[in-house]
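Notes follow once the structure below has been shown.
Bear in mind these aren't lab numbers, they're just calculated from the coordinates by the rules spelled out. Everything numeric here is computed off the predicted structure, so don't read it as measured data. Cβ atoms come from the backbone with ideal geometry, glycine included; neighbour counts cover every protein chain shown.
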Amino acid sequence: MKCVTRFAGLLAALAVIVVTPSLAAEPKALATCIGCHGKDGVGISADYANLGGQNRAYLVLQLQGFRSGERKNVLMNGMAAGLSDTDIDELAAWYAGQAWVVADNGNANLVEEGLNRAGYCHACHGMKGYPVTEDWPILAGQSAPYLDNQLRAFKSGTRYHPLMVNVVKDLQPSAMTALASYYTQLNGLD
Ligand code: HEC
Ligand code: HEC
C-alpha cells in the first residue's frame, strides 16, 4: 500500500516535469527579443508576431531565414544577424514553450468571408489553423494585422516559400484581410 502511494507520488512528480515547458532555462539572447515580443511571446504591437506556443521547428526555420536575409524585415534582419545556431535553438524552444494567446484582433464582420475563402488553405493549415507539420506555422489565434502583412509579403516577394507563392498569386488585399480576420479568432477548441 505504502509502496503504491510512493509510486503514485513519483508519477505525479514526473508528470509535472513533462507538462511544464517553462522549466526550460532562459536563453541568454532572450534579452534582445523581449522589447518587442515580451518574455512570453506576445507581441507588443499587432504587427509583431505572437511567438508563444508556436511550433518550435517553424520558429527555427524563420530565425534562420531572417539571419540569412532570405526572409526580409527591417527589424528582424538586424535582430537575427548576430544569433548563433545555439541561440536560435534555445530561443525557439523558449518561445514554443510559452502559452499560445489567441489575439482575436481582426475585423469581426469579415470572419465569415474569411471562412468561405479558407477552403484551399485547410489542406496545409488544417481545419482549425493547426498545420500538418511542425515545420509550418500555427495560424489559429495569430495577430490579424501580422497575418495580413505576411500574405502581402508573400505576394510582393519580401517573403518566399514555394507553396505560399502560388496561394497568394490571385488573392486581392481585401481577401487577405478577410482570411486574417478568420484565422485570428480560431481558438482551437470549437
Ligand atoms: C524591434 C522589434 C523586434 C525585436 C527586438 C525582435 N523582433 Fe521578432 N519580429 C518583429 C517584427 C516586426 C516581426 C514581423 C516581421 C514580418 O512582418 O515579417 C517579427 C517576427 C518574428 C518572427 C516570425 C514569426 C512567424 O510567425 O513567422 C520570429 C520567429 C521572431 N520575430 C523572433 C524574434 C526573436 C527570437 C528575437 C530576439 C532575438 C526578436 N524576434 C526580436 C520585431 C522584433
Ligand atoms: C500547399 C500548402 C499550403 C497552402 C494550400 C496554404 N499554405 Fe500558408 N503556408 C504554407 C507553408 C509551408 C508556410 C510556411 C512558409 C515559410 O516557412 O515561410 C505557410 C505560411 C503561411 C502564413 C505565414 C504565417 C506566419 O506565422 O508567419 C500565412 C499567413 C499563411 N500561410 C496563410 C495561408 C492562407 C490564408 C492560405 C489559403 C488562402 C494558405 N496559407 C494556404 C503552406 C500552405
Problem set entry | Unit Cα scatterers, Debye sum, the chain: log10 I(q)/I(0) for q = 0.14, 0.17 Å⁻¹ | -0.80, -1.12
Problem set entry | In the chain, lysine pairs with alpha-carbon atoms under 25 angstrom apart (chain gap of 8 or more, or interchain) | 8
Problem set entry | Relative contact order %, the stretch 34-190, counting alpha carbon pairs below 8 Å whose residues are six or more apart | 29 percent
Problem set entry | Virtual spin-label span in nm between residue 112 and residue 160, 7 Å along Cα→Cβ | 4.1 nm
For this session: Round to a whole angstrom and tell me the spacing of the C-alpha centers of the stretch 102-144 and the stretch 41-87.
Result: 20 Å
Problem set entry | Viscosity 0.692 mPa s, temperature 37 °C, Stokes-Einstein D of the stretch 23-99 from Kirkwood C-alpha radius, µm²/s | 269 µm²/s
